[in-house]
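The values are calculated or read from the model by the stated rules, or taken from the named source; none is laboratory data. The model shown is predicted, which means the values in this text are computed figures rather than measured ones. Every residue, glycine as well, gets a Cβ built from its backbone with ideal geometry; the counts of neighbours run over all protein chains shown. These area figures cover heavy atoms from the full protein model, side chains too; ligands, DNA and RNA do not enter into them. Shrake-Rupley method; radii C 1.70, N 1.55, O 1.52, S 1.80 Å.
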Amino acid sequence: MFANGQTVVQLVEQLAPKHIAMENDKIGLQLGTLQKEVTKVLVALDVTPEVVDEAIAAGVELIVAHHAIIFRPLAKLDTSTPAGKLYEKLIKHDIAVYIAHTNLDVADGGINDWMADMLGVPAEGRSALEDVHTDKLYKLVVFVPETHHEQVLQAVWNAGAGQIGGYSHCSFNIDGVGTFKPGEGAQPFIGEAGRLERVKEVRIETIVPHSAHRKVVQAMLKAHPYEEVAYDLYAVELKGRVFGLGRVGKLPEPVKLGELAARAKAAFGVPMLRLVGDPERPVRKVAVLGGSGSRYIRHASFAGADVLVTGDIDYHTAHDALAAGLAVIDPGHNIEKLMKPRLADWLRQELRRRGYATETMPSQVDTEPFRFL
């Protein structure tokens, strides 16, 4: 059995939910349809003509990419232009393109965490370089007969309710008596039409993040035995989970800046990189940010980082970093290619776990535009 395109995308969005993307980012379905069976998915950094040719040769129906192919509304679709030719080829071969950009950067276990892992920055103690999204919190209150109290409680926990900071499975439970009179035509779980019932019930209260509230409510309704469920869902002022761009963390031991640069070259598979700072300088607190990080010099300095590992640092920004006492390792924007095998593997495992035979593969096309002589 093969997954349809919508199922594949729903899995990607479990890892990188769309709501955590930065404002106005060009993400989601950009071309084609997801309402079709997908036998093969190609995971790419960029969608270039060479990548499209690769997808056609492999029989791919869906490309999941990091960088968008449509950046602004199209006034017309001129197939004589390079972009128009690209869109035409994709449409003719019925290949859909879905983009996961800053949501994949920000996601826990996404690009910035992968970068930190590859540089040897431990997961424990990591923090975001810049907060971009705080998950709104709700309070769920539901009344459940005693016989189904544990069943409903476990269902909402499993769906994502009950997390407060570092604590999970948080709830408050109060015993009481519920009253109701089923009307004519009702099919009550307890009692009978036209007779007032008094039932021992439990009032469950728990916290629900906005990102999971639909899933939690659906799970609660499915586990609840009543035909009509009495429940409330209302916003609270507590601060929810924070999602951020970039990562900052400490290496187990200090290393020389030049040694960390060599580690970055090997980890990211680049022939050379640019270094700002004294190679003999010891560094320990490392900030990483995939893509273009020029505007994050101040963020890294404010976080107390010794070095920022990112791409696309310009001349004047390099001087600003030196003045701030911040070292910079710039291995280029294209190192985000590390997402190809990792996202393909993650998606393959999730599809297999659900019984789908859909294949996933990382693009083998090198989309680095620069050549080093």
| query | If Val177 passes every condition in (1) closer than 20 Å to Gln14 by Cβ; (2) open to solvent by 50 Å² or more (accessible area, probe 1.4 Å); (3) modelled with pLDDT of 95 or more; (4) β-branched (Val, Ile, Thr) but one, which one does it miss? | reply | (1)
| Failed criterion for Ser301 (all others in (1) at negative phi; (2) touching a residue at least 60 places away in the same chain (Cβ under 8 Å); (3) among the small types (Gly, Ala, Ser) hold) | (2)
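Among the listed residues Val283, Val229, Val255, which satisfies the condition of being part of a loop (DSSP other than H, G, I, E, B) and either charged (D, E, K, R) or over 22 Å from the mean Cα position of the chain (by Cα) (or both)?
Val229
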| task | State yes or no: is Leu238 farther than 17 Å from Thr179 by Cα, open to solvent by 60 Å² or more (accessible area, probe 1.4 Å), assigned to a loop (DSSP other than H, G, I, E, B) and not charged (D, E, K, R)? | result | yes
| request: Can you confirm whether the range 242-249 contains a residue that is open to solvent by 10 Å² or more (accessible area, probe 1.4 Å), touching a residue at least 40 places away in the same chain (Cβ under 8 Å) and assigned to a helix (DSSP H, G or I)? | output: no
| Scanning for something charged (D, E, K, R) and open to solvent by less than 30 Å² (accessible area, probe 1.4 Å), does the range 310-323 turn up at least one residue? | no
| Which of the residues that make up the range 73-107 are part of a helix (DSSP H, G or I), without any contact (Cβ under 8 Å) to a residue 24 or more places away in the chain and closer than 30 Å to Leu245 by Cα? | Ala83
| field | Matching residues in the range 188-226 - criterion: being open to solvent by 80 Å² or more (accessible area, probe 1.4 Å) and either assigned to a strand (DSSP E or B) or closer than 27 Å to Leu137 by Cα (or both) | value | Arg198, Lys200, Arg214, Lys215, Gln218, Lys222
| task | Tell me which residues, restricted to the range 325-366, are open to solvent by 60 Å² or more (accessible area, probe 1.4 Å), over 22 Å from the mean Cα position of the chain (by Cα) and either at pLDDT below 95 or not polar (S, T, N, Q) (or both). | result | Asp366
| note | Expected single match for within 14 Å of Pro362 (Cα to Cα), buried (at least 22 other Cβ atoms within 10 Å of the Cβ) and in contact (Cβ under 8 Å) with a residue 12 or more places away in the chain among Val43, Val38 is Val43
| Quick one: how many residues across the range 195-220 are of a type in the set (Asp, Glu) and touching a Lys or Arg at 6+ places or on another chain (Cβ under 9 Å)? | 2
| task | Go through the range 13-33 and count every residue that is under 19 Å from Arg214 (Cβ atoms) and surrounded by fewer than 22 Cβ atoms within 10 Å (Cβ to Cβ). | result | 7
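Please go through the range 293-303 and give me each residue that is open to solvent by 40 Å² or more (accessible area, probe 1.4 Å) and out of contact with any helix residue (DSSP H, G or I) (no Cβ under 6 Å at 6 or more places or on another chain), ordered by number.
Let us first name the residues in the range 293-303 that are open to solvent by 40 Å² or more (accessible area, probe 1.4 Å), namely 295, 298-299, 301-302.
Correct list: Arg295, Arg298, His299, Phe302.
Residues are listed down the side, and each one gets a yes or a no for (1) at pLDDT 95 or above; (2) touching a Phe, Trp or Tyr at 6+ places or on another chain (Cβ under 6 Å); (3) more than 18 Å from Leu351 (Cα to Cα):
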position: Gln10; (1), (2), (3): yes, no, no
position: Pro73; (1), (2), (3): no, no, yes
position: Leu86; (1), (2), (3): yes, no, yes
position: Ile91; (1), (2), (3): yes, no, yes
| field | Filter result (under 21 Å from Glu201 (Cα atoms), without any contact (Cβ under 8 Å) to a residue 60 or more places away in the chain and open to solvent by less than 60 Å² (accessible area, probe 1.4 Å)) within the range 108-161 | value | His149, Leu153, Trp157, Ala161
